[in-house]
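Visitor: Quick one: this structure, given as structure tokens, is what I'll be asking you about.
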Amino acid sequence: MLTLRNADACYGAAQALHQVSLSAGPGDVLALAGRNGAGKSTALKVLAGHLALRSGTLEFDGKTLANPTPEMMSHLGVAYVPEDRQVFPSLSVRENLVISTVAHPRPRGGWTIDRVFELFPRLKERRRAFGQELSGGEQQMLAIGRALLCQPRLLLLDEPTEGLAPVVVAAVVEAIREIVAEKAGIIIVEQNFTVPEALATSFSVMDTGRIAWNGTKAEYMENRRDVMSLLSGL
Ligand code: ATP
């Protein structure tokens, strides 16, 4: 579905990605890990059309996208949940969700606000609370809920469990399982593979803007100890 090939990307003169290749299809969960500054968020920004490629290609369903923009990627069904979640602080939980449904009036998939509330019952309890009143975990659930209402074919999650209580992490993991059961793909960025290990179908490690290791689930399980020590040594 979405493939990044040999991508270089820069912030001004500083090159943040070097020849990065990543791919995720329907039902795939790609876990991307690496230390701070490795380039994980930058890779997601490129996939979401928020940062232009210096060289390389971004392909969707086998077609190269000439100048991907956030609007184009969203229209194709790529939903992006950035690390800072970007919920609207002065709108209620329900209003934050309604905005996504308005932006996607002809749903491709079956996500509704009621289904988001079933997935995250805490959001239903907090439906009248303003974005700015939410805890970090509630904001994360809201950000994922909003992304689901875009009826995504591919969901890009940047550190969705960072700093969250175990009960919220469990809710996010359960949400990922449900999303994958609907044959959407997911790319999940985390500092390490602890949370995504049980969910991922493929694994990539980034270091200094490059892919330092990647493999299928089977390859990861075979080399788990080496991959763990690679991650801890970075
Ligand atoms: P983290 O977990 O800290 O978010 P990361 O692996 O996601 O780390 P990136 O945020 O992609 O890493 O950063 C990759 C490199 O690009 C780093 O050297 C970072 O300082 C730099 N960088 C990131 N965002 C910007 C920006 N907006 N302007 C300039 N440089 C940036």
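The values are calculated or read from the model by the stated rules, or taken from the named source; none is laboratory data. Computed from a prediction, not measured in an experiment: that's the story for all the values here. Here the Cβ positions follow ideal geometry from the backbone for every residue, glycine too, while neighbour counts run over all protein chains shown. Ligands, DNA and RNA are stripped out before the accessible areas are found, and what is left, the full protein with its side chains, is counted by its heavy atoms. Shrake-Rupley method; radii C 1.70, N 1.55, O 1.52, S 1.80 Å.
Visitor: Considering only residues of the range 27-38 that are open to solvent by 30 Å² or more (accessible area, probe 1.4 Å) and more than 14 Å from the chain's Cα centre (by Cα), which is farthest from the ligand (Cβ to nearest atom)?
Guide: Among residues in the range 27-38 that are open to solvent by 30 Å² or more (accessible area, probe 1.4 Å) and more than 14 Å from the chain's Cα centre (by Cα), the one farthest from the ligand (Cβ to nearest atom) is R35.
Visitor: Do you know which of the residues in the range 68-83 that are of a type outside the set (V, I, T) and within 16 Å of the ligand (Cβ to nearest atom) is farthest from A212 (Cα to Cα)? Can you show your working first?
Guide: Filtering the range 68-83 for residues of a type outside the set (V, I, T) gives 68, 70-77, 79-80, 82-83.
Next, from what is left, pick out any that are within 16 Å of the ligand (Cβ to nearest atom): 70, 80, 82-83.
Working: P70: 27, Y80: 24, P82: 23, E83: 22 Å.
In this case the residue turns out to be P70.
Visitor: Hey, R153 hits all of (1) in contact with a Ser or Thr (Cβ under 7 Å, 6 or more places away or on another chain); (2) in contact (Cβ under 8 Å) with a residue 60 or more places away in the chain; (3) open to solvent by 20 Å² or more (accessible area, probe 1.4 Å) but one; which does it fall short on?
Guide: (1)
Visitor: Among the residues of the range 53-67, is any within 15 Å of the ligand (Cβ to nearest atom) and either touching a Phe, Trp or Tyr at 6+ places or on another chain (Cβ under 9 Å) or open to solvent by 10 Å² or more (accessible area, probe 1.4 Å) (or both)?
Guide: Yes - at least one qualifying residue is present in the range 53-67.
Visitor: Please go through the range 175-206 and pick out each residue that is surrounded by fewer than 18 Cβ atoms within 10 Å (Cβ to Cβ) and under 27 Å from A9 (Cβ atoms).
Guide: Answer for the range 175-206, where residues must be surrounded by fewer than 18 Cβ atoms within 10 Å (Cβ to Cβ) and under 27 Å from A9 (Cβ atoms): Q191, N192, L199.
Visitor: Okay, next question. Among the candidates S41, S23, which residue alone is more than 13 Å from the ligand (Cβ to nearest atom) and in contact (Cβ under 8 Å) with a residue 12 or more places away in the chain?
Guide: The unique qualifying residue is S23.
Visitor: So, in the range 74-132, exactly how many residues are surrounded by fewer than 15 Cβ atoms within 10 Å (Cβ to Cβ), modelled with pLDDT of 95 or more and small (G, A, S)?
Guide: Result for the range 74-132: 1.
Visitor: Take the residues of the range 1-20 that are open to solvent by less than 30 Å² (accessible area, probe 1.4 Å) and within 13 Å of the ligand (Cβ to nearest atom): which is farthest from A218 (Cα to Cα)?
Guide: Within the range 1-20, the match that is farthest from A218 (Cα to Cα) is C10.
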